Amino acid sequence: QVQLVESGGGLVQAGGSLRLSCVASGIWFRLNGMAWYRQAPGKQRELVATISSGGSTNYADSVKGRFTISRDNAKDTVYLQMNTLKPEDTAVYYCNTRVAVKDYWGQGTQVTVSS
């Protein structure tokens, strides 16, 4: 079955950096687009960044220039490099992929940015 496992979250001061990782299994990883979402307390889940199977990327306006999504097909892993973190980036970050018409999610990893 499809499984997505995130890691790399933690507590960081404003201006700091973190790199999230998501290891996928149960899919032809190199053929799948991947995405990162986040959900802050009391807010809806929002799209942060996407990367296509061919490596094309898109970002939410709020993270453009600060976050970078990338993938390593040899490791079935997608990354989210987060720089110049702000307190408003505090959220649970989720890895996502879609197979056919079904969305799959990881368990999430907490990112907390202190001011």
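The values are calculated or read from the model by the stated rules, or taken from the named source; none is laboratory data. Please read all numbers here as calculations on a predicted model, not as lab measurements. Glycine gets a Cβ as well: all are built from the backbone with ideal geometry, and neighbour counts include every protein chain shown. Heads up: the accessible areas ignore ligands, DNA and RNA and are worked out on the full protein's heavy atoms, side chains in. Shrake-Rupley method; radii C 1.70, N 1.55, O 1.52, S 1.80 Å.
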Open to solvent by 90 Å² or more (accessible area, probe 1.4 Å), more than 22 Å from VAL2 (Cβ to Cβ) and not hydroxyl-bearing (Ser, Thr, Tyr), is that true of LYS64? yes
Report, by residue number, each residue of region 71-93 that is surrounded by fewer than 21 Cβ atoms within 10 Å (Cβ to Cβ) and under 26 Å from ASN32 (Cα atoms). ASP72, ASN73, ALA74, LYS75, ASP76, THR77, TYR79, GLN81, ASN83, VAL92
Of those in region 29-51 that are free of Cβ contacts under 8 Å to residues at least 24 places away in the same chain and within 20 Å of ASN83 (Cα to Cα), the residue surrounded by the fewest Cβ atoms within 10 Å (Cβ to Cβ) is GLU46
So, in region 4-28, how many residues would count as being touching a residue at least 24 places away in the same chain (Cβ under 8 Å) and over 22 Å from MET82 (Cβ atoms)? 3
Tell me yes or no: at least one residue of region 76-86 is more than 27 Å from GLN1 (Cα to Cα), among the aliphatic types (A, V, I, L, M) and in contact with a helix residue (DSSP H, G or I) (Cβ under 9 Å, 6 or more places away or on another chain). yes
